[in-house]
Amino acid sequence: MGTIVMNNGVLTGKFYDIQGFSVHDGPGIRLTLFMKGCPLRCPWCHSPESQAFHTELNWMEIKCVGLEKCGRCLGVCPHDAISPGKTKAALDGSGDIQLVTTDRSKCDNCGLCAKACMSKALYMCGTDYTVDEIMERVRRELPFFKRSGGGVTISGGECLCQPEFTLEALKRCKAEDIHTAVDTTGFVQWEVIESILPYTDLFLYDLKGFDADLHKQVIGVSNELILDNARRIAAAGGKFQIRIPVMPMYNDSVDAFEMLGRFVLELGDAVEVVQILPYHNLGTVKWERLQANKPIFEATPPSDELIAERRAQLEGMGLKVIVH
């Protein structure tokens with residue numbers, strides 16, 4: 001957990017994705033930097049590859065050409081973590097192919113199998129970049145930022161768990177007059193948030209639920225720090241886009257939204273907009289890529305009617321609401 005310092009002393013951060021032309025992570029067209037590692041364990045997480053702080057092996061079944069055509073991964077693993085797995089029909093209709101499976105209890109994420117994999121079905125998730133490398137990528141997007149009023153969003157995982165890198169990247173962006181947003185769970189020490197406040201134009205702030213006991217039971221951490229940090233950001237003059245993921249059987253009720261809405265009102269003019277994020281199950285395939293041998297959370301996505309009702313409920317409280 002935390003920022004990585006390379007042997008030569010250069011500050012680096014670990015990322016699992018970088019997305020250009022992003023239009024849902026703050027105003028305008030943005031470059032969103034997804035940093036690796038998160039202290040929360042939301043069972044519905046649509047980016048499970050973001051949770052671990054280390055670079056880790058992933059496997060994309062659809063790319064695997066089978067042991068008959070490749071099989072290189074079997075011979076290179078020093079821990080015998082990879083073995084023949086299930087069979088399935090080849091995409092080209094040529095018959096059945098045998099896939100591989102990974103024993104995660106043996107795998108140490110050395111990456112030798114990913115290097116050997118002919119089709120890149122096995123790949124390593126988590127790349128280290130220096131701030132200079134990130135800024136080179138940022139500058140390629142400047143024409144889009146200027147025309148749309150966009151900028152850079154640093155997201156995760158939880159980007160503030162790599163605080164030194166995040167702070168330096170924000171400072172560099174502001175020095176070049178680039179709009180900055182930080183997408184955060186709020187589950188970090190106040191001192192970390194306080195350090196980035198002068199360089200953060202907007203916080204994309206997740207509020208997953210107001211009930212403290214339920215929050216800890218389902219997500220694994222208490223929400224007290226999250227709510228307290230939101231209050232302190234508002235008091236310090238920070239600006240918010242509050243994000244509420246709508247989860248069946250967790251926070252989709254009238255009562256749950258009543259409590260969330262009251263808290264958002266408590267933050268006052270600091271809140272520019274509330275964004276409702278209906279649960280979807282498109283992330284389940286990413287859990288399969290981790291081959292973690294754990295139950296995968298799936299639920300029925302909320303109906304359009306329910307989302308419309310919750311939006312109207314918050315708007316009736318005087319809040320500006322958008323749905324993504």
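The numbers here are math on the coordinates, done by the rules we state, and not lab data. Every value quoted in this text rests on a predicted model; they were computed, and no experiment measured them. Positions of Cβ are backbone-derived with ideal geometry, glycine not excepted, and every protein chain shown enters the neighbour counts.
The mean of 1/r over all distinct Cα pairs in the range 238-320, once inverted, gives the Kirkwood hydrodynamic radius of 14.3 Å.
Stretched out straight at 0.36 nm per residue, the stretch from Asp128 to Ile62 would grow longer than its current Cα-Cα span by 21.1 nm. The long axis of helix 224-235 is offset from the longest Cα principal axis of the chain by roughly 50 degrees. Within the shell of other residues whose beta carbon sits under 15 angstrom from the beta carbon of Ala116, the net charge comes to +4, with Lys and Arg scored +1 and Asp and Glu -1. Taking the charge dipole of the chain about its Cα centre, with +1 at Lys and Arg Cβ atoms and -1 at Asp and Glu Cβ atoms, the residue from His179, Val218, Leu202 reaching farthest to the positive side is His179. For Asn251, the shell of other residues with beta-carbons less than 13 Å away shows a net charge of -2, using +1 for Lys and Arg and -1 for Asp and Glu.
For the range 90-152 and the range 247-324, compute the distance between their C-alpha centroids and round to whole Å. About 29 Å separates the Cα centre of the range 90-152 from the one of the range 247-324. In terms of Cα atoms, the Rg and Dmax of the chain work out to 21.3, 64 Å. Of the peptides 86-98, 149-161, 296-308, 209-221, the order by per-residue mean of other Cβ atoms within 10 Å, starting with the highest, comes out as 149-161, 209-221, 296-308, 86-98. Per the Kirkwood definition applied to all pairs of different Cα atoms, how many angstroms is the hydrodynamic radius of the range 178-264? The answer is 13.5 Å. Hey, if you drop one equal point scatterer on each alpha-carbon of the range 141-219 and run the Debye formula without solvent, what base-10 log of I(q)/I(0) do you get at q = 0.13 Å⁻¹? Each listed q corresponds, in turn, to -0.45.
Only alpha carbons enter this Debye calculation for the range 85-171, each as an equal point scatterer, and the log10 of I(q)/I(0) it gives at q = 0.11, 0.26 Å⁻¹ is -0.60, -1.33.
For the chain, the antiparallel share of DSSP beta bridges with both residues in that region comes to about 45%. Based on the Kirkwood radius over alpha-carbon pairs, what is the Stokes-Einstein translational diffusion coefficient of the range 1-102 at 25 °C with 0.890 mPa s viscosity, in µm²/s? The diffusion coefficient I find is 142 µm²/s. Taking Lys and Arg as +1 and Asp and Glu as -1, the other residues whose beta-carbon sits under 14 Å from that of Ala236 total -2.
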